[in-house]
Amino acid sequence: MKSFFVLLLERLGYTGDPSGLCISALPPWPLLFVTGAFALLAASVLLRSLVDIALPQTVVQRLSGSRSMTQWTTTLTLLAALAASIEAVGGPQRILAAEWLQSLAPLDHPMAVTGLAAIAAGVLVAVRAMTLMQLGMFRRAELSPGPRAVMADGAFVPTGGFSFGGAAGGLLRRPGGGWPAMILGAILAAYGLELLRRADLCL
């Protein structure tokens, strides 16, 4: 019985040996989507960073996470639109687009553009997470046993045990994702670097 991975590859148009799958041997659909997803991730994190510099978050926005929700909702919407566009253009156009994408790179490094997009996304994610962790160290507040409140937009907002970047926030609840985001960003950047340094990456 075929595994889900094999069936998915066949659905995407790959008919070779899955155990020896190389990224440049991927059919146009996943190749275009992976490259576009890296580029969209890099653009999303960069735009968010610029917006946060130009218009710093209010305390209410930081507590509610509304800006992060807007950012990632928009990013996922664009990824869905990218997938729909790749599906809609048809097979011949996908082949031409993939060939054009690989023609931008040297012949001995066909995945250089994908590697550059992965490096950009990984570096931006890691640097943003590291920067926010460092800033959080300067804003860290001592947790008190009783209820607390902070002044925001002319009104007091109760925060309970909330602390800006404090240890009680948990790894995944810290601004920018904390250590997990920094580690994942470094892995993604290293993956992109391998695509640039080597001719291909195979399973």
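Where helices (runs of 4 or more DSSP H) fall entirely within region 8-102, those with at least 1 residues that are out of contact with any Cys (no Cβ under 8 Å at 6 or more places or on another chain) and touching a residue at least 60 places away in the same chain (Cβ under 8 Å) are at 28-54, 59-64.
Restricting attention to region 105-119, does a residue exist that is touching a residue at least 24 places away in the same chain (Cβ under 8 Å) and surrounded by fewer than 17 Cβ atoms within 10 Å (Cβ to Cβ)? For region 105-119, residues touching a residue at least 24 places away in the same chain (Cβ under 8 Å) and surrounded by fewer than 17 Cβ atoms within 10 Å (Cβ to Cβ): present.
Has region 51-67 got any residue that is open to solvent by 80 Å² or more (accessible area, probe 1.4 Å), out of contact with any helix residue (DSSP H, G or I) (no Cβ under 7 Å at 6 or more places or on another chain), of a type outside the set (Ser, Thr, Tyr) and within 29 Å of LEU196 (Cα to Cα)?
Within region 51-67, the first condition is being open to solvent by 80 Å² or more (accessible area, probe 1.4 Å), and the residues that meet it are 53, 55-56.
Retained after the next criterion (residues that are out of contact with any helix residue (DSSP H, G or I) (no Cβ under 7 Å at 6 or more places or on another chain)): 53, 55-56.
Those still in the list that are of a type outside the set (Ser, Thr, Tyr) too: 53, 55-56.
Those left that are additionally within 29 Å of LEU196 (Cα to Cα): none.
No, region 51-67 has no match at all.
Here THR75, THR159 are screened, and the one residue that is at pLDDT 80 or above, among the polar types (S, T, N, Q) and surrounded by 16 or more Cβ atoms within 10 Å (Cβ to Cβ) is THR75.
The values are calculated or read from the model by the stated rules, or taken from the named source; none is laboratory data. Computed from a prediction, not measured in an experiment: that's the story for all the values here. Quick reminder, even Gly has a Cβ in these numbers, built from the backbone with ideal geometry, and neighbours come from all protein chains shown. Quick note on the areas: whole protein, heavy atoms, side chains included, nothing else; ligands and nucleic acids left out. Shrake-Rupley method; radii C 1.70, N 1.55, O 1.52, S 1.80 Å.
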